[in-house]
Every structure is written in structure tokens, then in C-alpha cells.
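See below for the structure under consideration.
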Amino acid sequence: MILPMMDEEIKTKPRIPDVFNGKTVLITGGNGFLGKVLLEKLLRSCPGISRIIVLLNNAYEMEVFEKKRKRLLENSVFDRLKKECPSMFCKLHFVAGNVTVSNLGLNSDDLAKVLEDVSFVFHCAASVRFEDKPRTTMVINVVGVDCVAKLCLNMRNLEALVHVSTAYSFCHHPIISEDVCLEKLPICVMQDFKNMDDDRIEWICNSYRKNRPSNYQYSKALAETLIVKEYSNKLPIIIVRPGIITAAVKEPFPGWIDNYNGPSGFIAMSVKGVLKTLLVGDGVYADWIPVDVVANTLIAAAYFLLTQKSSFCFGPSNVPVVNCVCPETKRINWNEVVRICLPILDKYPSATPFLTPGGVVTTSKTVHEICKYTLHFFPAAAYDVYRLIFRVKSPGMIGAYRRIHGAISHLQLYTTRRFYFTSKNLDTMNENMHPDDKEVFFIDQEKIDWNQYLEDYVHGVRLFYLKESDDNLPLALQKLARRRLTFFCLKTIPFGVLFIYILKKLRKSQVATNILSVLLSLNLPYIGKLVNKMPNAC
């Protein structure tokens with residue numbers, strides 16, 4: 001790796017927005033979580049950009065096309081852009097297509113524009129749900145990459161293709177380095193997933209996946225292998241591997257989020273009082289990376305590939321890889337995340353909770369299993385009985401918890417196992433970035449304040465994902481205080497009745513009085529706190 005440049009030398013280099021001046025960009029997956037933030041950032045921070053072409057997947061019918069376009073433009077991610085520079089929206093051009101077919105399924109006019117005008121391609125489209133069928137995952141994540149790369153081969157002015165992978169594509173390795181470890185599956189098999197039957201694809205996944213927990217990680221490894229073997233010498237390409245993508249730390253708004261994937265689902269369920277137990281590994285880190293940091297890394301990767309490719313560390317694969325992960329010195333473990341979040345959950349409760357926020361975080365599988373039944377399924381069963389008796393029209397909670405635990409089982413890899421990454425290329429980009437670009441396209445996570453970030457995250461989940469306005473926060477706090485008092489009474493009254501009954505049987509009045517006095521002295525302060533919270537919330 002080349003040594004970092006001197007400050008004066010860095011300042012003489014063109015800035016990131018300069019390389020996008022007058023250029024056309026193609027984004028796949030532009031209506032996804034990361035794609036939206038990337039799109040907004042390019043429009044707001046690269047004003048000289050000529051055009052951004054956004055591929056709307058499977059939107060060939062005009063009604064579907066308009067619905068997807070309108071839904072994207074009305075998303076809250078663009079609220080800041082609408083206020084600061086609304087004229088930039090005229091640079092958006094939407095096209096209907098499909099990443100898994102030849103030429104991305106573009107019509108002749110759109111294809112001609114793409115091949116003639118596009119200089120930068122950001123391939124963000126992917127199947128990210130672990131529970132997706134093997135066919136869906138492999139076709140979108142492997143065949144889709146092949147189709148995008150083949151299209152890029154015919155682009156007349158291509159300067160950079162940025163492929164979004166995952167930091168866990170080789171998660172079965174003890175140390176995940178910035179290189180591609182080639183998979184043994186033949187290229188012809190990868191390119192033919194679309195023509196295989198489901199059983200054949202499932203057999204391949206089960207036979208070659210190794211110790212990866214799901215087909216998602218394996219599909220990303222295959223895509224990287226395909227890139228290296230087929231296109232490394234034909235295209236200007238770079239692979240960016242983000243960790244677990246979480247809410248924005250700064251842009252477009254602190255805490256912005258619009259999906260329930262990964263930790264966002266944990267937080268949403270905790271705000272609702274649905275998630276009451278979580279299994280974590282001792283000392284395991286939460287490898288979170290804010291979505292705006294990832295978007296900035298993608299833009300910076302395209303810039304460095306074009307202007308300073310020699311500064312990257314290359315492995316045997318000869319394709320630059322950037323592990324977009326949190327620095328070792330700034331990582332936070334899951335226990336610390338929970339410790340910080342618990343009081344924040346009380347600060348931003350839901351106005352329509354199932355139970356109260358809080359629960360048990362444990363490293364014991366046995367304790368976790370016990371809590372699943374006592375804190376999840378038992379209350380769910382009680383609610384479902386109540387729902388049937390009083391004919392309440394609402395979804396059953398037993399079925400909901402089954403689905404929740406199914407989803408959580410896929411995520412336990414990240415909460416129970418510690419991963420080790422190298423990130424020299426990410427560090428190099430940060431060191432060699434223009435001082436002004438460091439502020440605008442920030443990728444340095446050393447500056448993240450986890451306490452503030454987690455508060456913004458919880459608030460953002462409530463505001464942007466659960467769509468609960470701050471206007472109803474006083475009502476939500478009042479409901480939370482009442483619910484806590486109700487649950488406390490429900491848990492203590494049966495024991496109190498039993499206790500009095502036993503005392504009467506023993507007929508030891510003085511002893512009974514002393515014991516009762518001690519118990520009251522222990523419980524009355526807690527009851528008092530609950531009661532005192534209620535007026536304050538009004």
C-alpha cells in the first residue's frame with residue numbers, strides 16, 4: 001500500500017463532487033434502504049452531476065411504474081433535499097427494468113441512453129432477507145451481478161462500477177480480509193441459476209455453502225468470485241462490503257430509518273414492548289455501520305478507483321475491496337448497546353404498545369429459551385384468549401411471535417459470534433481524502449458518539465419507521481406509566497393474597513406485622529415512582 005499523501009498534495013487533487021460534474025450515474029436498487037440514501041446524497045452533495053438514472057425493478061406497467069416512482073419521491077429521505085435544493089429533482093430519470101435479465105430488461109431508448117451516457121454505476125440491488133428461497137437469493141444476487149457487469153462492458157464512457165457486497169461474505173474465515181477468496185463453484189453454474197430447478201439450487205447451496213449461516217452470505221461470495229474471474233481485467237470495478245447497515249448518524253436526518261432489517265427490527269419490537277429477550281455472546285461486538293456512512297463510502301470508492309487506484313491494497317484477486325466496518329477502537333458490544341438503550345426506550349415509548357419496554361439480555365441459551373415462553377408466548381397466549389373471548393379484531397400474537405423468533409434465529413449469528421475484519425483500504429481512503437470532503441462525505445466512524453447515536457436511532461425508529469409523531473409522546477409516556485403500574489399490580493397482588501393467607505394460617509401476628517412492614521417498605525417506593533410518573537406524563 002502506498003503511504004498516505006501529504007496534506008498539500010491532497011489539496012491539489014480534485015474533490016469528490018468534481019469527478020461527478022457533467023456525468024451520468026446509474027443506480028440499481030435505488031428504491032431500497034441504502035439506494036435511497038445514496039441517491040439523496042449524490043443529488044444534494046454533487047450539484048454538478050448531469051443525470052441519475054434509477055432502475056425501477058419489474059415496473060413495466062405504467063401504473064406500477066408511476067406508483068413506485070411516486071412512492072420513492074414521497075419518501076421522507078428527500079424532505080431535506082426538497083427544502084434545500086428542490087431543483088435537483090429534475091436530474092432524476094427513472095427507467096423500468098430487471099437486474100436478472102439481459103441488458104437489465106431496458107427498452108431500446110433507455111438502453112441507448114445508458115450505453116452512451118453512463119459513467120458511474122452503483123449496483124445496490126440485492127435480496128437481503130435471510131428467509132428468501134435459495135432461487136430468489138441466487139438469481140438476484142449472483143445472476144443480477146452478471147447481468148449488470150455484462151451491460152457495463154458495452155458502456156462507452158464507464159469510469160467506475162461499484163458493487164455492494166457484505167462484510168460477511170466470507171464470515172466462516174477467522175479474519176475477514178479485504179480480498180476475495182474464490183469459491184469453487186464453476187462460473188457456468190453461477191450464470192445458469194435462472195435456468196435450474198429449485199431442488200438443484202437448494203442442493204448446490206447446501207453442498208457448497210460451508211459454515212455460512214444462510215444463503216445470503218454465500219450468494220455474495222459467489223458474486224464476488226464471478227466479478228474476479230470474469231470481469232476484473234475487463235471493467236474498472238471495486239467491491240464495497242458494509243457491515244450491518246443501521247440508521248443514519250447524520251444525513252439526511254439523525255436516526256433516519258425506513259425498514260425493520262437487522263437491529264432496526266430489534267429496536268422497533270423493543271419500543272412496542274414485543275421483544276423481551278435477546279441472546280448475545282459474551283463480549284460480542286455489534287458491527288453496525290450507519291447507512292449514510294455506507295453511502296459516502298460508495299461515493300468515495302468510485303472517486304478513489306478513478307483518481308487514486310494505486311493507493312488501494314490489492315490481494316491476489318486483483319480487485320480492490322473495501323471492508324466498510326467500524327474501527328476496532330470504536331466498536332461497541334451488545335451488552336453496552338442494551339445498557340444505553342433501555343432508558344432511551346422509556347423516553348420514546350410507543351403509543352400502541354403490546355407490553356412494556358425492557359426484558360432480559362442473556363448469554364445463556366437455557367435462560368433465553370425459558371424467557372421466550374414466559375415473556376413472549378405466555379403473554380401472547382393470554383392476549384389471544386382475551387381476543388377470542390371479547391372478539392377483538394387484531395392479529396394473533398402467538399403466530400406473530402413464531403414469525404419473530406424465526407427472523408431472530410437468522411440474526412443470532414451477529415449477536416453471538418465475534419468477527420474480525422481488516423479495513424486498510426477504508427483507512428487509506430479516509431487518510432487521503434480532501435479535508436473538505438472529509439466533512440461532506442464523512443466515513444470516519446471514530447467521531448461517532450454511541451450514546452447520542454443510539455438515542456437518535458430509537459427516536460428515528462419511532463418517528464420514521466413506526467410513523468409515531470412526537471406530538472403523541474406525552475400520551476405514550478402516560479400509557480407507559482399506567483401499564484407499568486398495572487403489570488406491577490398483576491404480578492404482586494396474587495403473591496400478596498397468598499402471603500396474607502399463609503400469615504393467617506400461622507397466626508403469628510407480631511411476626512406477620514414485622515414481615516409485612518418490611519415488604520411494604522421495599523415496594524412502596526417503587527409504587528410511588530410509578531404513580532409519580534403518571535401526572536408528569538400528562
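The values are calculated or read from the model by the stated rules, or taken from the named source; none is laboratory data. The structure displayed is predicted, hence computed values, not measured ones. Cβ: placed from backbone, ideal geometry, glycine included. Neighbour counts: every protein chain shown.
For Ile201, indicate whether it is at pLDDT 90 or above, in contact with a Lys or Arg (Cβ under 7 Å, 6 or more places away or on another chain) and not in a loop (DSSP other than H, G, I, E, B). Spelling it out, Ile201 is indeed at pLDDT 90 or above, in contact with a Lys or Arg (Cβ under 7 Å, 6 or more places away or on another chain) and not in a loop (DSSP other than H, G, I, E, B). Listed by position, the helices (runs of 4 or more DSSP H) enclosed by the stretch 418-488 that each have at least 1 residues that are in contact with an Asp or Glu (Cβ under 6 Å, 6 or more places away or on another chain) are 424-431.
Yes/no per residue for (1) closer than 26 Å to Gly255 by Cα; (2) assigned to a helix (DSSP H, G or I):
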site	(1), (2)
Phe65	no, yes
Met88	yes, yes
Thr100	no, no
Leu104	no, yes
Asp109	no, yes
Phe122	yes, no
Arg129	yes, no
Thr136	no, yes
Asn141	no, yes
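Cβ-Cβ distances below 6 Å connect the following pairs, each with a first residue in the stretch 348-364 that is more than 17 Å from Val461 (Cα to Cα), a second residue that is of a type in the set (S, T, N, Q), and a separation of six or more residues or different chains: Gly359/Thr277; Val360/Thr277. Considering the stretch 349-379, and only residues there that are of a type in the set (Gly, Ala, Ser) and modelled with pLDDT of 90 or more, the residue that is farthest from the chain's Cα centre (by Cα) turns out to be Ser364.
The number of residues in the stretch 307-341 that are in contact with a helix residue (DSSP H, G or I) (Cβ under 6 Å, 6 or more places away or on another chain), part of a helix (DSSP H, G or I) and not hydroxyl-bearing (Ser, Thr, Tyr) comes to 4. Of all residues in the stretch 290-303, those satisfying the criterion of being under 21 Å from Glu446 (Cα atoms) and part of a helix (DSSP H, G or I) are Val291, Asp292, Val293, Val294, Ala295, Asn296, Thr297, Leu298, Ile299, Ala300, Ala301.
Scanning the stretch 27-57 for residues that are assigned to a strand (DSSP E or B) and more than 22 Å from Met429 (Cβ to Cβ) turns up Thr28, Arg51, Ile52, Ile53, Val54, Leu55, Leu56, Asn57.
Quick one: in the stretch 54-83, of everything that is over 24 Å from the mean Cα position of the chain (by Cα) and closer than 24 Å to Val440 by Cβ, which residue is surrounded by the fewest Cβ atoms within 10 Å (Cβ to Cβ)? Only one residue tops the list, namely Lys83. Take the residues in the stretch 429-460 that are acidic (Asp, Glu) and surrounded by 14 or more Cβ atoms within 10 Å (Cβ to Cβ); name whichever of them is nearest to the chain's Cα centre (by Cα). Within the stretch 429-460, the match that is nearest to the chain's Cα centre (by Cα) is Asp456. Within the stretch 264-294, the residues that satisfy the criterion of being farther than 28 Å from Thr352 by Cα and among the small types (Gly, Ala, Ser) are Gly281, Gly283, Ala286. Here Phe130, Phe122, Phe94 are screened, and the one residue that is among the aromatic types (Phe, Trp, Tyr), surrounded by 13 or more Cβ atoms within 10 Å (Cβ to Cβ), within 28 Å of the chain's Cα centre (by Cα) and at pLDDT below 95 is Phe130. Just one of the numbered conditions (1) of a type outside the set (Phe, Trp, Tyr); (2) surrounded by 15 or more Cβ atoms within 10 Å (Cβ to Cβ); (3) out of contact with any Phe, Trp or Tyr (no Cβ under 6 Å at 6 or more places or on another chain); (4) free of Cβ contacts under 8 Å to residues at least 60 places away in the same chain is not true of Ser311: (4).
Residues that are out of contact with any Asp or Glu (no Cβ under 8 Å at 6 or more places or on another chain), surrounded by fewer than 14 Cβ atoms within 10 Å (Cβ to Cβ), touching a residue at least 24 places away in the same chain (Cβ under 8 Å) and closer than 15 Å to Val240 by Cα are absent from the stretch 319-326. Residues that are out of contact with any Leu (no Cβ under 8 Å at 6 or more places or on another chain), in a helix (DSSP H, G or I) and surrounded by fewer than 16 Cβ atoms within 10 Å (Cβ to Cβ) within the stretch 204-238 comprise Asn206, Ser207, listed in sequence order. Arg391 fulfils the conditions (1) surrounded by fewer than 19 Cβ atoms within 10 Å (Cβ to Cβ); (2) in a helix (DSSP H, G or I) except for a single criterion, (2). Can you pull out the residues in the stretch 159-203 that are loosely packed, with under 15 Cβ neighbours inside 10 Å and touching a Cys at 6+ places or on another chain (Cβ under 9 Å)? Selection gives His173 alone. A Cβ distance below 9 Å, combined with a sequence gap of six or more or placement on separate chains, defines the contacts here; from the stretch 476-500, residues that are at positive phi and of a type in the set (Phe, Trp, Tyr) reach no residue that is modelled with pLDDT of 75 or more and surrounded by 17 or more Cβ atoms within 10 Å (Cβ to Cβ).
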